[in-house]
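We did not get these values from a lab; they are worked out from the coordinates using the rules stated. Fair warning: this is a prediction, and the values are worked out from it, not measured in the lab. Here the Cβ positions follow ideal geometry from the backbone for every residue, glycine too, while neighbour counts run over all protein chains shown.
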Amino acid sequence: MLRNMCSNAKSARNIEEKTRKKFLSIQKFQVDLDKKVTCYFFCLKGKEHLLMIYYLSKYVELKPLNSTTAQYVITVMKYIYATRGIPEDLVSDGGPSFNSNLMTNFFREWGIKHHVTPPHFPRANG
């Protein structure tokens, strides 16, 4: 009887371990997907805005911009990253702010991979 109980306990632990690993891998997959964002500018009522959307959660950050210079956009991005975390991948249309040396250095220093969508293909932005 004791042997059966020990054997059953081992089986239960194995099942629990497999379930836990599977759950953790699903969580990691979801977290990894939420580390990918799409980001672009648009004009609303005569004012420029930065729109950032997280792929998995569909979480939206919309920030009005006083300027679209790389320096100012980086400041706004840092504010967003302070609350949402730093993405691993950022997809943009490759506008001037995103292609500047300052932005390229920012992406490199922060470990963000920048992907540029093809021109005239807005659906690729996410």
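Among the residues of the stretch 94-103, those identified as under 18 Å from THR38 (Cβ atoms) and out of contact with any strand residue (DSSP E or B) (no Cβ under 7 Å at 6 or more places or on another chain) are PRO96, SER97, ASN99, MET103. Is one or more of the residues making up the stretch 114-125 out of contact with any helix residue (DSSP H, G or I) (no Cβ under 6 Å at 6 or more places or on another chain) and surrounded by 15 or more Cβ atoms within 10 Å (Cβ to Cβ)? Within the stretch 114-125 (the criterion being out of contact with any helix residue (DSSP H, G or I) (no Cβ under 6 Å at 6 or more places or on another chain) and surrounded by 15 or more Cβ atoms within 10 Å (Cβ to Cβ)), the answer is no, since none of the residues qualifies. Note on the stretch 62-75: among residues that are among the β-branched types (Val, Ile, Thr) and closer than 15 Å to PHE42 by Cα, the one that is nearest to the chain's Cα centre (by Cα) is VAL73.
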